[in-house]
Amino acid sequence: MGGWLAWLVLLASLALPGQPALAEYGDVVLNRRSEKEGMRPVIFSHWFHRIRFQCKVCHQELGFKMRVGSNDVRMADIINGKFCGMCHNGDVAWGPDRCDLCHSGKRGLPTGIYGGHETSGPGRW
Amino acid sequence: MAVLAAILFSGNVAAAGSWQPLQNDDLHDPASPAIGLLQQPAEALSKLPPDTTGNLVRWVEALEKGHIEPRSNIFPETKINLLDKDILMNLKGGTPIVRFPHRAHTLWLDCANCHDHLFKAQTGGNKLSMMQILQGEQCGVCHGAVAFPLTECNRCHSVPRPGIAKPSATPR
């Protein structure tokens, strides 16, 4: 029991100071280049996609590495059928011409994983 | 245990049972033309088995009971690997034993998502630690980011340990 409490205190000290997260748990912002090139940051929602695809489709078959920011996604690649473009090709899902559906984020958001109903630091824990 | 539960659950109360509309989520630009076209989380998620944390959805249950049918592959030739085997961990520590279910994981993930770059495929062959998990390594690669968060101690530490007075009686 003592061990549990010690961990809990540690956890609470990490958990509480953060600002409450409003974003849906697992939402990803991709903004390595978008904003610099005049587009809104991209928002990718895990909740929406996991209703339709198991994790293994993206993270095994299609090869997305499980670390935000580690896949160097370029718009030209998407149009050529890589990354999001493996599905957003007008076949599995609507095509890359619908810019605003992906580029829908608030300006100024850094690349990262967001969200959580009570944890403040997804991506860390 | 009661103290633990009380502290843990107190953190959940305020947020439980609601999804932010996209225009208020601090992520989507309320002025984006996508608002109104994108699906609102509440519309999709409120129909699934409820949880108190994360996406407020019990994802394993949703899949097992057929509420959702996420595709397992895009290419027809991809081999689907499933395994139904539980692993018990931390058999000597002071916390309830961790039960790692392969079944629930391989319903979502492929073996190669974990083996061998995160875990050697050998019971007891990995040095796992809660500190590293909390830092986003090991189980924490997914739990705390996309899978249910680390505040849910009991979902991993799920097997009660017989009285600490006789730890050697712990079943294997």
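Read-outs throughout are calculated quantities, based only on the coordinates presented, and are distinct from any laboratory measurement. Small disclaimer: the values here were computed from a predicted structure and weren't measured. Cβ coordinates were reconstructed from backbone atoms using ideal geometry, including for glycine residues, and neighbour counts include every protein chain displayed.
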Q: Please give the length that would be gained between B:Asp26 and B:Gln122 if that part of the chain were fully extended, namely 0.36 nm times their separation in residues minus their C-alpha to C-alpha distance (nm, one decimal).
A: 30.3 nm
(Q) How shielded is B:42-48 by partner chains, expressed as the average number of their Cβ atoms within 10 Å of its Cβ atoms? (A) 2
Q) Among A:Ile51, A:Ile113, B:Ile74, which comes first, second and so on when ranked by fewest other beta-carbon atoms within 10 Å? A) B:Ile74, A:Ile51, A:Ile113
Q: Determine, from the Cβ-Cβ distance of A:Lys82 and B:Leu91 and an R0 of 35 Å, the FRET efficiency 1/(1 + (r/R0)^6), rounded to the nearest 0.05.
A: 0.20
**Q.** Label point at B:Arg103 placed 7 Å out along Cα→Cβ; residues across region B:40-62 whose backbone nitrogen lies under 17 Å
**A.** B:59-62
Q: May I ask you to list the trypsin sites (Lys or Arg not before Pro) in region B:18-97 that are in a DSSP loop and have at most 16 other Cβ atoms within 10 Å of their Cβ?
A: B:Lys47, B:Lys65, B:Lys79, B:Lys85, B:Lys92
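Sort A:Cys84, B:Cys153 so that the residue with the fewest other Cβ atoms within 10 Å of its own Cβ comes first and the one with the most comes last.
Least to most surrounded, the residues fall as B:Cys153, A:Cys84.
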Q) When a footprinting reagent is the concern and you count Cβ atoms within 10 Å, what order do A:His49, B:His117, B:His28 take, fewest first? A) B:His117, A:His49, B:His28
Q) Among the lysines, which have Cα under 18 Å from the Cα of B:Lys47 when same-chain residues fewer than 8 positions away are ignored? A) B:Lys65
Q. In region A:21-117, with Lys and Arg counted as +1 and Asp and Glu as -1 at Cβ, which of these residues, A:Cys102, A:Val92, A:Val68, has the Cα nearest the positive end of the dipole, that is, farthest along it?
A. A:Val68
(Q) So the label point goes 7 Å from the Cα of B:Cys111 along Cα→C-beta, right? Which residues of region A:55-70 then have their backbone N under 17 Å from it? (A) A:56-57, A:60-61
